[in-house]
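First up is the structure itself, then whatever we jot down about it.
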Amino acid sequence: MERRIVHLQVVAFPVAVARAQDPSLRGRPVAVSPGRSGRAPVTVVSAEARREGVRPGMSLERARAFCRDLRVIPPDPERQRRALAALQQAAGRYSPLVEPAGGGRLFVDLTGTARLFGAARDVAARLQREASALRLPASLGLAINKLVSGVAARVADRDGLADVAPGREATFLSPLPVALLPAVRPHLEGRLLSELNLRRILEVAALPLSRLLLAFRQSGYPLYRQARGLDDAPVRPPSRQPAVHVDETLAEDANDDRLLAAVLFLLAQRGAARLRAAGLEAAAGRLSVRHADGRGATRRLRLAPPTADDL
């Protein structure tokens with residue numbers, strides 16, 4: 001049976017959710033930032049702000065220098081969670097296989113549902129109308145796998161639907177920029193563009209696997225498959241894994257180990273307090289650091305036994 005996978009994407013999801021609640025934000029340049037100091041990073045920007053030169057990762061001070069009329073709003077995880085749940089509920093009426101992909105994105109497996117709900121393209125169009133009814137404008141991609149449907153949603157016009165016919169995956173991908181492939185991380189994109197001058201997906205697809213492995217080692221194999229539109233990953237409904245998230249932006253640049261350790265302990269206290277209030281214990285932790293130059297690093301650790309203790 002031929003697979004049919006829909007990818008639904010609400011661009012700048014936190015901004016779209018805020019606009020659904022506050023219509024005065026519509027049509028204006030908007031940025032989401034977790035802090036109000038000039039050093040606080042911008043995490044999400046609207047299309048209007050992007051046209052003014054504002055980009056995620058910028059400091060608020062720099063973003064305001066690019067766009068005087070920028071409206072800055074704080075993140076609202078709870079409101080976003082409810083909006084995503086509403087999208088999942090709408091998609092769940094057409095398939096039991098709905099996978100949230102983060103950032104207001106969903107994969108929906110419509111394989112074998114045609115007798116119940118009609119052609120996959122018609123179902124995708126209905127999903128798009130339901131998202132619009134929630135005041136969440138969505139772009140959709142439809143293809144035989146998650147990779148191509150995800151790329152199709154990214155290149156579709158706003159509120160558009162891109163349907164890639166089965167067997168046309170490689171043809172569809174060929175003229176597109178290599179940066180659209182999930183395997184092309186920022187460091188890999190630099191090598192592809194500057195060192196090897198590979199700018200389009202068709203140029204990567206023309207290389208044999210041996211050359212890609214030689215140039216990119218373990219990253220060569222996913223590049224080889226993705227450039228050809230190959231992806232057999234299933235659509236996986238989420239497992240329930242509650243988590244708490246806390247963060248802090250320093251008022252000034254600092255590289256003092258004692259100060260950083262104090263901030264880290266403050267975050268641990270806040271997170272542990274939320275865990276205890278919810279009656280939970282953490283089995284794993286993740287620490288992410290974003291430096292003043294915009295670069296970042298993430299480390300993970302297992303907590304055995306699970307704990308909600310500050311230390």
Open item on the list: Checking LEU161 against (1) surrounded by 14 or more Cβ atoms within 10 Å (Cβ to Cβ); (2) in contact with a helix residue (DSSP H, G or I) (Cβ under 7 Å, 6 or more places away or on another chain); (3) more than 25 Å from VAL108 (Cα to Cα), only one condition comes out false. Which one?
Closed with: (3)
Task: Flag for ARG217 being in a helix (DSSP H, G or I) and open to solvent by 80 Å² or more (accessible area, probe 1.4 Å) - done: yes
Task: Residue that is farthest from the chain's Cα centre (by Cα) [pool: residues in the range 187-214 that are crowded, with 17+ Cβ neighbours inside 10 Å and not in a helix (DSSP H, G or I)] - done: LEU207
Open item on the list: Exactly one of these conditions fails for ALA119: (1) open to solvent by 30 Å² or more (accessible area, probe 1.4 Å); (2) touching an Asp or Glu at 6+ places or on another chain (Cβ under 8 Å). Give me its number.
Closed with: (2)
- [ ] Scan the range 282-311 residue by residue and report those that are at pLDDT 90 or above, over 28 Å from the mean Cα position of the chain (by Cα) and either open to solvent by less than 70 Å² (accessible area, probe 1.4 Å) or within 13 Å of VAL244 (Cβ to Cβ) (or both).
- [x] PRO306, THR307, ALA308
Task: Residue satisfying all of: in the range 220-251; of a type in the set (Gly, Ala, Ser) and part of a loop (DSSP other than H, G, I, E, B); modelled with the highest pLDDT among these - done: GLY229
Task: Subset of the range 128-155 [hydrophobic (A, V, I, L, M, F, W, C), part of a helix (DSSP H, G or I), surrounded by fewer than 24 Cβ atoms within 10 Å (Cβ to Cβ) and within 22 Å of the chain's Cα centre (by Cα)] - done: VAL155
- [ ] Kindly list, by first and then second residue, each pair from a residue in the range 109-124 that is of a type in the set (Lys, Arg) to a residue that is open to solvent by 30 Å² or more (accessible area, probe 1.4 Å), limited to pairs with Cβ atoms under 9 Å and residues at least 6 apart or on different chains.
- [x] ARG121/ARG4; ARG121/LEU161; ARG121/ASP163
Open item on the list: Please verify whether ALA254 is of a type outside the set (Ser, Thr, Tyr), farther than 19 Å from THR43 by Cβ, open to solvent by less than 80 Å² (accessible area, probe 1.4 Å) and at pLDDT 90 or above, treating the condition exactly as stated.
Closed with: no
TODO: Select from the range 265-281 the residues that are part of a helix (DSSP H, G or I), surrounded by 13 or more Cβ atoms within 10 Å (Cβ to Cβ) and of a type in the set (A, V, I, L, M, F, W, C) and list them in ascending order.
DONE: LEU266, LEU267, ALA268, ALA272, ALA273, LEU275
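The values are calculated or read from the model by the stated rules, or taken from the named source; none is laboratory data. Please read these numbers as outputs of a predicted model, since none were measured by experiment. For neighbour counting, all protein chains shown are included, and Cβ atoms are generated from backbone atoms with ideal geometry for every residue, glycine included. Side chains are part of the model used for accessible areas, which takes the heavy atoms of the whole protein and leaves out ligands, DNA and RNA. Shrake-Rupley method; radii C 1.70, N 1.55, O 1.52, S 1.80 Å.
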